[in-house]
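K.L.:
Handing you a structure now.
The values are calculated or read from the model by the stated rules, or taken from the named source; none is laboratory data. Quantities reported herein were computed from a predicted structural model and do not represent experimental measurements. Using ideal geometry, Cβ is built from the backbone for each residue, glycine included, and neighbour counts are taken over all protein chains shown. Surface areas here come from the heavy atoms of the whole protein model, side chains and all, with no ligands, DNA or RNA. Shrake-Rupley method; radii C 1.70, N 1.55, O 1.52, S 1.80 Å.
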Amino acid sequence: MKLAFSTLGVPGLPLPDVLSLATAHRYHGVELRAHPEEPVHPGLTPAERAETAALFRAAGVEIVGLAGYARVAAAGEDGPVLAELRELVRLAHDLGAPFVRVFPGAGAQEPREEADAIAARRLGAAAEDAAALGVRILLETHDSHPTGADAIRILGPVGHRHAGALWDVLHTWLGGEQPADSYAALAPHLGYVQVKDVASAEDTTPLPLGAGVLPLAECVDVLTRRDWDGWLCWEYEKRWYEHAAPLAELLGEGREYLARLLGEAA
């Protein structure tokens, strides 16, 4: 497996500094938060997109994917959501990123079957555009659909290779799903895996990997036993927890921790 970290952990950091962290701590890739607060977002000009792609190539660091914020199960018209998805897919294509992350985002009052159908319809339509550009749209286990069992209710009916899953291990754990069950549900669709650690279900302030309660060793063991060889991406949510320790100080130990888990699982 290859190791990456998300720029959610280094909010607003210029890309050359992000790449310096990646190379200094021997991470193979970076997940880019695609938001106007960040250096990478759909408003980039063609020249800026080309420059960004060139920076990553020169550093020998891969762009794992773009973490977008489209909510595919949210109530409302399809048009704005599909437009947002297409913008993200085009940006990923221009940067050479294979994946775009999206959220489910159904409202609390939305009937489950209706939310599932809306999301499946939108992902099915957007997957056609994504396929033409060589990009996969990944539905993250998150918010209204936190578990693999939830996500598969959407992805199963879509049935398109370019609509897949992103396994966020925090949310499947919060949803009470065991790692083996999460993997079994998501495996046919799995793009990559986000790892992190927290103190408890009540306190989700990001912690160094291995310092909290998430079943990271079990997750890595499940992936290894299934010969899965994709990305493990550390999503350290510094943007939402300003008092959390700086990620730059933790990256080295985090990489060693993941490498140790991989070695033990092998």
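K.L.:
Decide, for the range 54-103, between rounded, prolate and oblate: order the square roots of the alpha carbon gyration tensor eigenvalues as a ≥ b ≥ c, take rounded if a/c falls under 1.5, and otherwise choose prolate if a/b is larger than b/c, else oblate.
P.N.:
prolate
K.L.:
If you don't mind, another one. Go from 0 up to the bin containing the longest alpha carbon distance in the range 27-115, width 5 Å each, and give me the % of pairs per bin.
P.N.:
3, 14, 22, 22, 15, 10, 7, 4, 2, 0
K.L.:
Scan around VAL72 for amide H atoms under 5 Å from its own, H built in the peptide plane at 1.01 Å from N, and keep only partners 5 or more places away or cross-chain.
P.N.:
PHE103
K.L.:
How much of the DSSP beta bridge set in the chain is antiparallel, as a percent to the nearest 5?
P.N.:
Antiparallel bridges: around 5 percent, rounded to the nearest 5.
K.L.:
Kindly write out, for the range 234-242 in residue order, the coupling ³J(HN,Hα) from the Karplus curve 6.51 cos²θ - 1.76 cosθ + 1.60 (θ = phi - 60°), rounded to whole Hz, with x marking Gly and Pro.
P.N.:
Residue by residue, the range 234-242 yields 7, 9, 9, 7, 4, 4, 9, 9, 4 Hz.
K.L.:
Only helices at least 24 Å long along their own axis, judged from Cα atoms, and with Kyte-Doolittle mean hydropathy of -1.0 or greater: name those in the chain from DSSP H.
P.N.:
78-95, 112-133
K.L.:
Additional query: To check you understand DSSP bridge types, tell me what percent of the beta bridges within the range 95-248 (both residues inside) are antiparallel, rounded to 5.
P.N.:
Antiparallel bridges: around 5 percent, rounded to the nearest 5.
K.L.:
In terms of the Cα gyration tensor, with a ≥ b ≥ c the square roots of its eigenvalues, is the range 71-197 rounded because a/c is under 1.5, prolate because a/b exceeds b/c, or oblate?
P.N.:
Since a/c reaches 1.5 but b/c is at least a/b, the shape of the range 71-197 is classed as oblate.
K.L.:
Ok, one more. Taking the Cα centre of the range 62-153 as origin and charging only Cβ (+1 Lys, Arg; -1 Asp, Glu), how large is the dipole, in debye to the nearest 20?
P.N.:
The calculated dipole for the range 62-153 is roughly 140 debye.
K.L.:
Nothing charged except the Cβ atoms of Lys and Arg (+1) and of Asp and Glu (-1): what's the magnitude of the dipole of the chain about its Cα centre? Round to the nearest 20 debye.
P.N.:
About 660 debye.
K.L.:
To one decimal place, what orientation-averaged projected area in nm² is obtained for the convex hull of the Cα set of the range 210-266?
P.N.:
With the hull built on Cα positions only, its mean projection is 4.4 nm².
K.L.:
Continuing with this model, one more query. Can you tell me the accessible area per residue over the chain, all protein chains present, probe 1.4 angstrom, in square angstrom?
P.N.:
Heavy-atom accessible area per residue stands at 40 Å².
K.L.:
Along each of its three principal axes, how wide is the spread of alpha-carbon positions in the range 137-200, in whole angstrom units, largest first?
P.N.:
The principal-axis extents, from largest down, are 37, 21, 17 Å.
K.L.:
Distance from the Cα centre of the range 239-266 to that of the range 93-122, in angstrom?
P.N.:
First find each Cα centre; the distance between them is then 29 Å.
K.L.:
Around GLN194, which amide H atoms from residues at least 5 apart in sequence, or from another chain, sit under 5 Å from its own amide H, with H modelled in the peptide plane?
P.N.:
TRP167, ASP168, VAL169, CYS233
K.L.:
Within a Cβ distance under 14 Å of ALA54, other residues only, what is the Lys/Arg minus Asp/Glu net charge?
P.N.:
In short, -2.
K.L.:
Let me ask something else. Please identify every one of the trypsin sites (Lys or Arg not before Pro) in the range 169-266 that sits in a loop by DSSP and has no more than 14 other beta carbons within 10 Å of its own beta carbon.
P.N.:
Qualifying residues, ordered by number: ARG226.
K.L.:
Related question: Which far-off residues, 5 or more places away or on another chain, put their amide H under 5 Å from the one on GLU62, with H placed in the peptide plane?
P.N.:
GLY29, VAL30
K.L.:
Related question: Output the relative contact order of the chain, whole-number percent, from Cα pairs under 8 angstrom with separation of 6+ residues.
P.N.:
Once divided by the residue count of the chain, the mean separation gives 19 percent.
K.L.:
While we're on this one: Only helical DSSP H runs with n ≥ 4 go in: add -39500 (n - 2.57) per run for the chain, normalise by residue count and round the 222 nm mean residue ellipticity to 500 deg cm²/dmol.
P.N.:
-13500 deg cm²/dmol
K.L.:
Further, regarding this structure: Would you mind classifying the range 106-147 by shape? Square roots of the alpha carbon gyration tensor eigenvalues, ordered a ≥ b ≥ c; an a/c under 1.5 is rounded, otherwise it is prolate if a/b is larger than b/c and oblate if not.
P.N.:
Judged from the Cα gyration tensor, the range 106-147 comes out oblate (a/c at least 1.5, b/c at or above a/b).
K.L.:
Could you please state how large a percent of the accessible area of the range 1-92 is carbon and sulfur, counting protein chains only and using a 1.4 Å probe?
P.N.:
Heavy-atom surface of the range 1-92 belonging to carbon and sulfur, 1.4 Å probe: 56 percent.
K.L.:
Given N residues in the range 1-68, what is its alpha carbon radius of gyration divided by 2.2 N^0.38 Å?
P.N.:
That ratio works out to 1.01.
K.L.:
Which residue, chosen from VAL72, VAL61, PRO36, occupies the Cα position most advanced towards the positive end of the dipole of the range 20-92, where the dipole is computed from +1 (Lys, Arg) and -1 (Asp, Glu) charges on Cβ about the Cα centre?
P.N.:
The one lying farthest along the dipole's positive direction is VAL61.
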